[in-house]
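*Asks:* Sharing a structure below in structure tokens format, with a few things to ask.
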Amino acid sequence: MRAADRRPGWDHQHTVSAEMVLNQENHMSKHWIVVADQSKARIFTVADPRGELLQLQQLDNPVGREPAQALGSDRPGRSFDSGGQGRHAMGTSVEPKEQEAIRFAKQIGEQLRAASHAGECNRLLLVAGPHFLGLLRAELGSLKDVEISEIDKNLGQYDHREIRTHLPERL
């Protein structure tokens, strides 16, 4: 970076790292690390395989933090029998809390598919608790030309430095 390009008050070392990530060419892997749970997903990358995580974006799902009681009624609806006089409770096949987690996993999957199709990502590390990881896996299926690996740990509550300590030394 030329001295004339430096701006007072900017962290120029961080700016260089961000430029390296944003100007990825064939010589650099487009590796994304997705740390997710039912209420938040953060997408990180690294400029160096042993380097720190750099956050690219965050998807929030505030409904995922709601208690199950707040998402649906406490009693199922009622229905008449199709062949008689009886009435019975109608059960839902999926609880509202689970349905919301599925919806959020689908939103994350759409975001990752779009990035894959745009050529922004060719390696993906999914980090989530076992249940949510299963939902993400179901939504992603197989992405063409994307190598996917997984870690079944719920690290969503940690900052990027703490998350990095739970990941392989070399990404």
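*Asks:* Only residues in the range 90-108 that are more than 28 Å from Ile33 (Cα to Cα) count as the first member; pair them with residues that are modelled with pLDDT of 85 or more and aromatic (Phe, Trp, Tyr), Cβ under 7 angstrom, at least 6 apart or cross-chain, and list the lot.
*Replies:* Between residues of the range 90-108 that are more than 28 Å from Ile33 (Cα to Cα) and residues that are modelled with pLDDT of 85 or more and aromatic (Phe, Trp, Tyr), there is no close pair.
*Asks:* Oh, and also: If a residue must be touching a helix residue (DSSP H, G or I) at 6+ places or on another chain (Cβ under 8 Å), among the acidic types (Asp, Glu) and not in a helix (DSSP H, G or I), how many such residues does the range 101-151 contain?
*Replies:* Result for the range 101-151: 2.
*Asks:* For residues that are among the small types (Gly, Ala, Ser) and either closer than 18 Å to Glu150 by Cβ or within 14 Å of the chain's Cα centre (by Cα) (or both), scanning just the range 106-126, find the one that is surrounded by the fewest Cβ atoms within 10 Å (Cβ to Cβ). Explain how you work it out, then say what you get.
*Replies:* Start the filter on the range 106-126 by keeping residues that are among the small types (Gly, Ala, Ser), which leaves 109, 114-116, 118-119.
From what is left, the residues that are either closer than 18 Å to Glu150 by Cβ or within 14 Å of the chain's Cα centre (by Cα) (or both) are 109, 114-116.
Working: Gly109: 18, Ala114: 11, Ala115: 20, Ser116: 20.
Among those residues, the one meeting the criterion is Ala114.
*Asks:* Mind checking whether some residue in the range 134-155 is in contact with an Asp or Glu (Cβ under 7 Å, 6 or more places away or on another chain) and within 16 Å of Trp32 (Cβ to Cβ)? Step through it out loud before you land on a result.
*Replies:* Keep residues of the range 134-155 that are in contact with an Asp or Glu (Cβ under 7 Å, 6 or more places away or on another chain), which gives 154.
Within this subset, residues satisfying the condition of being within 16 Å of Trp32 (Cβ to Cβ) are none.
No, the range 134-155 has no match at all.
*Asks:* Of the residues that sit in the range 150-162 and are touching a strand residue (DSSP E or B) at 6+ places or on another chain (Cβ under 7 Å), modelled with pLDDT of 95 or more and within 18 Å of Leu112 (Cβ to Cβ), which one is least open to solvent (accessible area, probe 1.4 Å)? Write out each step before concluding.
*Replies:* First pass over the range 150-162, keeping only residues touching a strand residue (DSSP E or B) at 6+ places or on another chain (Cβ under 7 Å): 150-151, 153, 155-156, 160.
Applying the additional criterion that residues be modelled with pLDDT of 95 or more yields 150-151, 153, 155, 160.
Filter once more, keeping what is within 18 Å of Leu112 (Cβ to Cβ): 150-151, 155.
Working: Glu150: 79, Ile151: 30, Leu155: 7 Å².
My answer is Leu155.
*Asks:* In the range 130-147, how many are surrounded by 16 or more Cβ atoms within 10 Å (Cβ to Cβ) and touching a residue at least 24 places away in the same chain (Cβ under 8 Å)?
*Replies:* So the answer is 7.
*Asks:* Name, by its number, the condition in (1) part of a helix (DSSP H, G or I); (2) open to solvent by 40 Å² or more (accessible area, probe 1.4 Å); (3) modelled with pLDDT of 85 or more that does not hold for Ala70.
*Replies:* Answer for Ala70: the failing condition is (3).
The values are calculated or read from the model by the stated rules, or taken from the named source; none is laboratory data. Fair warning: this is a prediction, and the values are worked out from it, not measured in the lab. When we count neighbours, we look across all protein chains shown, and the Cβ atoms used for this are built from the backbone with ideal geometry, even at glycine. Ligands, DNA and RNA are stripped out before the accessible areas are found, and what is left, the full protein with its side chains, is counted by its heavy atoms. Shrake-Rupley method; radii C 1.70, N 1.55, O 1.52, S 1.80 Å.
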